[in-house]
Amino acid sequence: TAARAGARPAAGSGMFDPSGSFGRLTTAAWSSLAGAGQPEQLIFHERQQAALCGQHCLNNLLQAPLFTASDLATLAWELDSAEASLMAGGVAGESTNVDEAGNFSISVLRRAVGRSHGLELLSDPSLVEAALRSPTENAAYVLNHHAHWFTVRKLHGTYWD
């Protein structure tokens, strides 16, 4: 399924805080992480390794290496356990939230950004239609195309993938 979601900061999340903090990183921490240069001129991009596009998608969205494959696998396990407890008998079968190659479900990505930054990945059909009509209304998108997650995000006035 193709899930398109606009990422919007929740009230008080601080993700787009112009005061110098960005996510969990201060301007000083961002400078040391990203190397020389002004933090507001740098763009963080994590290249995909293996089948971990969900991990790299979220890190590119948040502009820092905040999530590991292990972090997301833990969330997938939590979701699988919760789903199994709702099923008759509570026996967990094959995961529906991560496959053997490391492809994570939209549920895992939603939980990750929700817990860490208070963000929502929205995929309501009416919101998707509105985004298609006016794509510049949102600061970022988390997209899935042929089982590949990627982010399109506006930084410094330009959209980047």
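Note down all Cβ pairs under 8 Å where the first residue falls in region 75-88 and is within 23 Å of GLY102 (Cα to Cα), the second is of a type in the set (A, V, I, L, M, F, W, C) and loosely packed, with under 12 Cβ neighbours inside 10 Å, and they're at least six residues apart or on different chains.
Short answer, once both residue conditions are applied: ALA84/VAL91.
Give region 144-161 a look and list any residue that's touching a helix residue (DSSP H, G or I) at 6+ places or on another chain (Cβ under 9 Å) and open to solvent by 30 Å² or more (accessible area, probe 1.4 Å), or say none.
ALA147, HIS148, PHE150, VAL152, LYS154, HIS156, TYR159, TRP160, ASP161
Suppose we filter region 113-126 for residues that are surrounded by 12 or more Cβ atoms within 10 Å (Cβ to Cβ), modelled with pLDDT of 90 or more and out of contact with any Ser or Thr (no Cβ under 9 Å at 6 or more places or on another chain); how many remain?
5
For region 47-80, enumerate the residues that are at pLDDT 90 or above, open to solvent by 20 Å² or more (accessible area, probe 1.4 Å) and farther than 19 Å from HIS117 by Cα.
Within region 47-80, LEU52, TRP77, ASP80 meet the criteria.
Among the numbered criteria (1) over 15 Å from the mean Cα position of the chain (by Cα); (2) modelled with pLDDT under 90; (3) among the charged types (D, E, K, R), which one does ARG133 miss?
Tallying (1) over 15 Å from the mean Cα position of the chain (by Cα); (2) modelled with pLDDT under 90; (3) among the charged types (D, E, K, R), ARG133 fails exactly one: (2).
Return the only residue of ASN138, ASN97 being open to solvent by less than 30 Å² (accessible area, probe 1.4 Å), among the polar types (S, T, N, Q) and more than 22 Å from ALA51 (Cα to Cα).
Selected residue: ASN138, the only one of ASN138, ASN97 that is open to solvent by less than 30 Å² (accessible area, probe 1.4 Å), among the polar types (S, T, N, Q) and more than 22 Å from ALA51 (Cα to Cα).
The values are calculated or read from the model by the stated rules, or taken from the named source; none is laboratory data. Source: prediction; values computed, not measured. Quick reminder, even Gly has a Cβ in these numbers, built from the backbone with ideal geometry, and neighbours come from all protein chains shown. Ligands, DNA and RNA are stripped out before the accessible areas are found, and what is left, the full protein with its side chains, is counted by its heavy atoms. Shrake-Rupley method; radii C 1.70, N 1.55, O 1.52, S 1.80 Å.
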